[in-house]
Structures are given as structure tokens and as C-alpha cells.
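Have a look at the structure below before the remarks.
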Amino acid sequence: MEAPAEAGSDGTASPVGAPARRWRWTSRRRDLAVYGVFLLAALWVTSQIWVDPAGRVASLYSSDPAQVQFFLAHSVRVVLHGEFPFYTDQFNYPDGVNLMANTAILALGIPMVPVTLLFGPAVSFVVLVTLGLAGTAAAWYRMLSRHVVRTPLAAAVGGWLCGFSPAMLSHANWHPNIISQFLLPFIVWRVLVITRSRRPVRDGALLALMVTAQAFINEEILLFTALACGVFLTAMLVQRPALWSTAWRPLGVAVGVCAVLAGALLAYPLYVQFAGPMAYHGLSDAVRDYGNDIAAFFAPGSPTLGGNQRANVNLAPNYSEENAFLGWTLAMLAVGIVLWLRREPLVRAIAATGVFFAVLSLGERVSWWDRELFTGPWEWLVRLPLLDAVVPTRFGMITTVVIGVLLALAVDRVWSLRPADARTVRTLAVGALVAALLPIAPMPLNVTSRPPVPTFITADRWREYVGPDQTLVPIPVPSMGNTHGMRWAASTNLDFKIPGGYFLAPRNGNTGDPGRFGGRPSGLGKLLEEVSATGRTPQLDDRQRRRSLDELRHWRAAILVLPVRQHNAEPLRRTVEQLVGPGRRELDVWVWDVRTLSGPSA
């Protein structure tokens with residue numbers, strides 16, 4: 001008789017007594033495990049925000065998260081109400097804001113609309129930060145493991161640094177659009193593929209679609225990617241000129257197809273960006289001069305295990321722009337890898353690319369420990385078209401990616417050694433990796449509590465006062481340093497308009513002027529901002545009252561709203577009462593109904 005059969009793990013019958021099928025570590029399971037590690041690391045980094053997404057924000061600068069949440073709410077209006085995606089007057093009313101010139105992250109915000117509707121823009125913000133870190137690391141791992149290295153560990157190490165470098169952690173608290181780099185590895189690979197493509201039209205079209213999507217995430221990072229690809233290909237051709245004879249034809253066809261298709265898809269959005277209402281040309285001087293200190297390359301970033309926020313204070317423009325912080329062990333390891341693999345043209349080209357952009361990231365004035373040494377090459381490039389809108393310190397992010405790829409190549413070469421040589425060398429390699437990566441291991445982002453959105457807003461009490469062509473004026477008036485009013489509007493999916501806000505606009509309100517943060521100067525806004533900062537109540541004269549009422553009419557203000565728990569609320573209340581009379585307490589705010597004062601017939 002035959003022995004009875006038992007079901008195997010895959011549902012098929014197997015004879016009794018036969019050995020159980022072993023669990024296999026397949027390539028798919030390995031990839032999923034790596035992706036899982038990246039996701040856990042991203043959750044670790046953002047853990048302090050996840051505790052209370054609506055009530056916690058970056059501990060140093062709260063303006064950028066509020067702006068991003070406003071843009072996420074704008075995406076809801078685009079999807080649900082068909083609102084124009086590239087411009088809005090829901091803030092900075094009545095002038096409005098050119099959203100194409102302000103990185104409105106439509107390619108991130110529109111897919112997040114269900115989350116924003118269900119849970120609010122604050123939750124969407126932290127979801128984007130988490131997925132931006134994990135997704136970027138996973139994308140680089142995927143590209144490296146499939147096309148560059150054979151060892152999964154090598155790809156994982158490279159992906160880890162590209163996704164969780166100090167530069168990425170620095171931006172994570174503020175700029176989900178900058179850390180959402182999951183398309184970049186595939187754009188880079190597609191550029192390299194088209195140099196030897198047999199189907200350049202198809203490959204050019206695929207590249208165009210990725211370029212278009214990235215343009216609606218962050219154009220600056222897209223520009224960096226294009227520049228890096230150009231420098232790398234040039235470095236390869238200098239070493240091997242014969243490559244040009246086979247590369248120029250498919251490269252030319254694919255780039256031409258990409259330019260035509262991406263140009264057609266982006267023509268109108270770019271027209272709005274550069275020639276539409278509230279378009280500006282060039283960044284504010286304060287940002288254009290941002291550069292890395294040379295010493296920053298040898299210090300760990302602030303949000304890392306070995307970081308020291310106080311020690312880094314003079315090495316970066318601010319804590320949201322720590323784009324060069326590698327730590328001295330990783331910097332020295334990168335140099336050692338280049339010296340070790342210097343015979344490989346690929347390594348030399350990658351290294352040249354990293355050094356080129358590291359130099360550009362130093363900005364117009366090269367410094368060492370905050371002491372100016374000499375004028376940098378960025379001084380000659382800063383006024384060129386497109387480059388005049390670049391923050392130079394961010395070129396350091398290209399160098400970080402270069403080092404991530406170099407680490408992947410080095411680990412791959414070590415793990416490919418003959419067994420007789422491998423054990424000792426691998427042990428030394430692991431020790432070097434630990435020494436280089438442990439000091440810059442990611443830590444949870446520092447956050448602080450922020451005031452909740454007033455119940456007056458969340459309970460929709462404001463709807464009794466504010467019409468569709470009127471504004472709700474938060475006190476203080478929204479600006480770069482006072483963005484709580486933007487969060488109020490975002491929490492309602494921008495159902496009411498506000499004056500002011502945090503954004504980039506032409507300096508004098510005229511399309512084509514150089515950019516500045518904020519709209520036209522506001523006397524009332526400046527007055528209330530000063531009271532909020534100092535706690536001193538000024539004595540206002542008739543001229544100041546008349547000018548303030550003129551501004552309220554210009555804004556078509558319906559009500560002024562001051563939270564009871566606003567910092568220096570009492571001096572602010574007394575100041576507003578000098579302008580428009582007594583206010584009324586409703587729920588957790590003071591309200592001034594100014595419709596009779598600011599209406600067209602007032």
C-alpha cells in the first residue's frame with residue numbers, strides 16, 4: 001500500500017514522512033525585507049510627529065509645514081471643485097499666489113486627497129515625509145540592485161545613505177517635496193539607458209513622463225538631476241571618447257523626443273510659472289547666498305546619532321539646510337574608495353560629479369569654520385537663467401547621492417572577492433561601514449507643540465460671517481513668521497480666504513520682479529506682528545486707523561479673529577480695539593465683525 005499523503009505548504013500533497021519544505025529566502029522576500037527596514041526607519045525618524053500630527057511641528061521653524069499643508073488642501077480643491085491648479089487667491093488675497101513658482105507639490109498632493117479629506121492635511125504631511133524617506137531609499141536600492149551592483153547588501157547600503165543621509169533628515173521636518181526623490185534613480189537610469197538604446201523613441205517618451213511627474217514634485221531637484229547626469233556623461237566621454245560614436249544617435253533621438261513630449265505637457269504650467277500672475281524671476285538675496293561651509297562636510301548632521309545642533313550653528317544657513325553633513329569618517333571612507341577603485345572609469349566619473357557639485361554647494365563665498373576664504377565659482381553662475389532660482393547649498397545633496405553609489409560599488413567589489421581573501425577584507429569593510437554610518441544614524445526629528453486650530457474654525461462658526469468673496473483675517477496677519485492662520489484655512493480645505501501668508505512673490509507685486517518672501521508690505525500686518533513679538537500696546541493716531549481700514553477694505557475683510565490663547569493676546573486685543581472697536585468673545589477666540597467698515601460702500 002502507498003503511504004497516505006499530507007498537504008504541503010503550497011497546498012500540494014506530499015508523502016507522510018517526507019521532509020517538510022524549507023522556507024526559502026527568495027529575492028522577492030529579500031527585497032520586501034529591505035523595504036520593510038526602510039519603512040521602519042522612516043517611522044522611527046517621524047515617530048515624534050506621528051504621536052500628534054496636528055499638534056506637533058518642527059521645533060525650530062514652523063512656517064514650511066504650514067505652507068505644505070496649505071498646498072495639500074489646495075489639491076483637495078483642485079480635485080473636488082475643479083479649481084485652477086497653478087494659481088490661487090485663497091491666501092495673499094486679493095493679489096494671490098503663483099503656485100507653480102511656489103512648489104505646490106501637485107504630484108504629491110493630488111494622490112493624497114483621500115487621506116487629506118479623511119484625516120486632514122497634517123496627517124497627509126507626515127505620511128508624505130515618511131514615504132518620502134522610505135520611498136527614496138527603496139527606489140535607490142531597487143535601481144542599484146537591478147542595474148549597478150550584484151550584491152543585495154551593496155544596494156541596501158547605497159539605498160540607505162541616499163534615503164537617510166543627514167541632508168535628507170534635515171529637510172524631512174520641513175520639505176517633503178525635496179525628500180520625495182523616488183523618481184530620481186529611475187530618471188538617472190533611463191538617461192544612461194538611452195545612450196545605448198535600440199528603441200530611443202520609446203525610451204525618450206518614458207523619460208518625458210518621469211520628468212513631467214518630477215516637475216510637479218520639485219523642479220529644483222529635477223534640475224539638479226539633469227545637471228548631475230550631464231556632468232557624469234561628460235566625465236565618462238572625456239575618459240572614453242569612442243563611446244560618443246555609438247551614443248550620440250540614440251541619445252539625440254531620445255532627448256529630442258523627451259524635450260518635445262515633456263515640453264508639450266509642461267508648456268502651459270511653465271508659462272504660468274514664469275509669465276503668469278505673481279510670477280517672479282530669481283530668488284531673494286537672502287536665500288541666493290546660502291552656501292555650505294567646507295567644515296560642514298566633516299561634521300555629522302544635527303538630526304543624527306552623533307550630531308550636535310549647537311556645534312553646527314555656523315556651518316549651514318539654517319537647520320533645514322544641512323545639506324553637506326557627512327561626518328569625517330564617511331568623508332574619509334569616500335576618499336579611500338575613490339583611491340582604491342581609481343582605475344575604474346565609472347568610479348572616476350562618479351567622483352568627478354560629486355566633487356563638482358560639492359564645490360558649487362559652497363556658494364558665492366567659500367568659508368572654513370565660518371571664516372571667509374575666497375570667492376567661489378557660484379559667483380559666476382548665480383545670475384544665469386534657471387540657476388538664479390537655485391539654493392546653492394542644496395547641490396550638496398548630489399554629493400551625498402554620489403557617496404551612496406560609491407559605497408554600493410565598494411561593498412559589491414568586496415563581496416565579489418575570492419573566498420580565500422574575502423573573510424578578512426569583509427570584516428574590515430563591515431567595520432569601516434559601521435564607523436562611517438553609525439555617527440550619522442537617523443534619530444527622531446525634534447518637534448514642539450503648536451497651538452490647536454481654534455474651535456471657532458473647526459466648528460464652522462466663521463461661516464456665519466464670511467462670504468465667498470470676503471476674507472477672514474487671523475491676528476497676527478499671516479506672514480513668514482506667523483503661519484497659524486494658514487493652518488486654520490488648510491483645516492477647512494481652504495473654504496475661506498486669508499490675506500498675507502508665507503510664499504514667494506515678486507518684490508513689488510509686479511510680475512517679473514525678483515522674488516521675496518511674502519506679498520506687498522502691510523502696515524497693519526507689520527504693526528500687529530510687532531505687538532505680538534514685544535507685547536507692547538502702541539497708541540495709534542487717526543492716520544494709522546485710516547490706513548488700517550484702507551487695508552481691511554483692500555482685503556475685503558469680513559472678520560478679524562484672535563485666539564484667546566495667542567501669545568500676547570491681550571496687547572493684540574487692545575491694539576485691534578483701537579482700530580475697529582470692541583470685539584466679542586466667541587468660543588475660544590475674539591471676533592471683530594468689520595463688514596460694515598470694510599465693505600465697498602464703507
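Structure values in brief
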read-out	value
Spans of helices (runs of 4 or more DSSP H) in the range 253-369 with at least 2 residues free of Cβ contacts under 8 Å to residues at least 40 places away in the same chain and under 25 Å from Thr234 (Cα atoms)	328-340, 345-360
Output for the range 223-240, where each listed residue is among the hydrophobic types (A, V, I, L, M, F, W, C), touching a residue at least 12 places away in the same chain (Cβ under 8 Å) and either more than 18 Å from Pro385 (Cβ to Cβ) or open to solvent by less than 30 Å² (accessible area, probe 1.4 Å) (or both)	Phe224, Ala228, Cys229, Val231, Phe232, Leu233, Ala235, Met236
Test: residue in the range 272-288 that is open to solvent by less than 30 Å² (accessible area, probe 1.4 Å), β-branched (Val, Ile, Thr) and within 21 Å of the chain's Cα centre (by Cα)	yes
Those helices (runs of 4 or more DSSP H) lying entirely in the range 1-108 with at least 1 residues open to solvent by 20 Å² or more (accessible area, probe 1.4 Å), at pLDDT 90 or above and among the aromatic types (Phe, Trp, Tyr)	27-45, 47-50
Complete set of residues in the range 518-571 that are surrounded by fewer than 17 Cβ atoms within 10 Å (Cβ to Cβ), of a type in the set (A, V, I, L, M, F, W, C) and not in a helix (DSSP H, G or I)	Leu540, Val564
Residues satisfying the stated conditions in the range 472-505, i.e. in contact with a Leu (Cβ under 9 Å, 6 or more places away or on another chain), closer than 22 Å to Leu117 by Cβ and not in a helix (DSSP H, G or I)	Leu472, Asn493, Phe496, Lys497, Ile498
Which listed residue is modelled with pLDDT of 95 or more, within 18 Å of the chain's Cα centre (by Cα) and within 20 Å of Met143 (Cα to Cα), from Ala213, Ala208, Ala167, Ala228	Ala213
Boolean, Leu209 is open to solvent by 40 Å² or more (accessible area, probe 1.4 Å) and either farther than 28 Å from Asp64 by Cβ or β-branched (Val, Ile, Thr) (or both)	yes
Candidates Trp340, Trp369, Trp380, filtered to the one that is among the hydrophobic types (A, V, I, L, M, F, W, C), on the phi > 0 side of the Ramachandran plot and open to solvent by 50 Å² or more (accessible area, probe 1.4 Å)	Trp369
Qualifying residue in the range 160-179 (condition: open to solvent by 40 Å² or more (accessible area, probe 1.4 Å), hydrophobic (A, V, I, L, M, F, W, C) and in contact (Cβ under 8 Å) with a residue 60 or more places away in the chain)	yes
Identity of the residue in the range 407-460, of a type in the set (Gly, Ala, Ser), under 28 Å from the mean Cα position of the chain (by Cα) and surrounded by fewer than 19 Cβ atoms within 10 Å (Cβ to Cβ), that ends up nearest to Val561 (Cα to Cα)	Ser449
Failed item, numbered, when Gly363 is tested on (1) on the phi > 0 side of the Ramachandran plot; (2) of a type outside the set (Phe, Trp, Tyr); (3) open to solvent by 40 Å² or more (accessible area, probe 1.4 Å)	(3)
Answer residue from the range 175-197, given it is closer than 11 Å to Ala254 by Cβ and of a type outside the set (A, V, I, L, M, F, W, C) and is nearest to the chain's Cα centre (by Cα) among those	Arg190
Flag for Phe356 being over 24 Å from Gly307 (Cβ atoms) and either of a type in the set (S, T, N, Q) or within 24 Å of the chain's Cα centre (by Cα) (or both)	yes
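The values are calculated or read from the model by the stated rules, or taken from the named source; none is laboratory data. Computed from a prediction, not measured in an experiment: that's the story for all the values here. Cβ sites come from the backbone with ideal geometry, for glycine too, and all protein chains shown count toward neighbours. These area figures cover heavy atoms from the full protein model, side chains too; ligands, DNA and RNA do not enter into them. Shrake-Rupley method; radii C 1.70, N 1.55, O 1.52, S 1.80 Å.
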